[in-house]
Amino acid sequence: MSTPVEIRNSASSNTFAIIAPFIGAAVAGVLLLRGLSSGGSRGPVFLLGLFAVGCVGWGLFKASSGFDGGVQVTLDAKGFRDKRGGDVLVPWDTVRSAGIVHGNHGGPTLVNFELTGELPEAIKYSNANALNLMLPGGGHSVHMEMSSLDISEGDMMAAIRRLAPDVKVGR
């Protein structure tokens, strides 16, 4: 039996996503203080404060998930499981094909798994597969974002070929 592949978050890929909300909070905070010191109207000043607090909250959320060193994706002889997208085992016998898709204009790299039937409920309504709900006939693919993971495209495809020889693996 093949050794399972456990994939974790890549420490370097989440740095900007974690820092950006704090930069937004700092800019909004400076504007808030300038608005308070100049005696500006309270409505826009309140909205700036609300925005700054929201940015700090978003930054803390991203920091807690971005520095999560736990296993995010598991590939084994039974199937694959993505903790970030439903945390449900998808058996290899329900997967027709797998392939890499690069995002436009520097967007995220995805692994698309085309299934033989409908998506499991927990995956269907996960953030990663929200687009499937809007597209006609899009309900048979699982999209796994891999730009933030510590595995290369080649290693991911090699692991799928090794663990699921019946799945058609494309580029």
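The values are calculated or read from the model by the stated rules, or taken from the named source; none is laboratory data. The model shown is predicted, which means the values in this text are computed figures rather than measured ones. In this analysis, Cβ positions are derived from the backbone assuming ideal geometry, glycine residues included, and neighbour counts consider all displayed protein chains. We work out accessible area using only protein heavy atoms, side chains counted, and drop any ligands, DNA or RNA first. Shrake-Rupley method; radii C 1.70, N 1.55, O 1.52, S 1.80 Å.
Checked against (1) in contact with a Ser or Thr (Cβ under 9 Å, 6 or more places away or on another chain); (2) at pLDDT 90 or above, Q72 meets all criteria but (2). Regarding V30, is this residue within 15 Å of I123 (Cβ to Cβ) and either without any contact (Cβ under 8 Å) to a residue 12 or more places away in the chain or surrounded by 14 or more Cβ atoms within 10 Å (Cβ to Cβ) (or both)? No. Count of the stretch 59-98 residues, restricted to those that are within 16 Å of S141 (Cα to Cα), small (G, A, S) and touching a strand residue (DSSP E or B) at 6+ places or on another chain (Cβ under 7 Å), is 4. Here is a check on your reading of the model: is I7 at pLDDT 85 or above, under 28 Å from A159 (Cβ atoms), open to solvent by less than 80 Å² (accessible area, probe 1.4 Å) and under 15 Å from the mean Cα position of the chain (by Cα)? Answer is yes for this residue. Among the residues of the stretch 84-116, the ones that are at pLDDT 85 or above and over 19 Å from V169 (Cβ atoms) come to 2 in all. Among residues of the stretch 139-153 being open to solvent by less than 50 Å² (accessible area, probe 1.4 Å), more than 9 Å from the chain's Cα centre (by Cα) and small (G, A, S), the one that is nearest to V88 (Cα to Cα) is S141. The residue that is farthest from D93 (Cα to Cα), among those in the stretch 33-42 that are part of a helix (DSSP H, G or I), open to solvent by 40 Å² or more (accessible area, probe 1.4 Å) and of a type outside the set (A, V, I, L, M, F, W, C), is S37.
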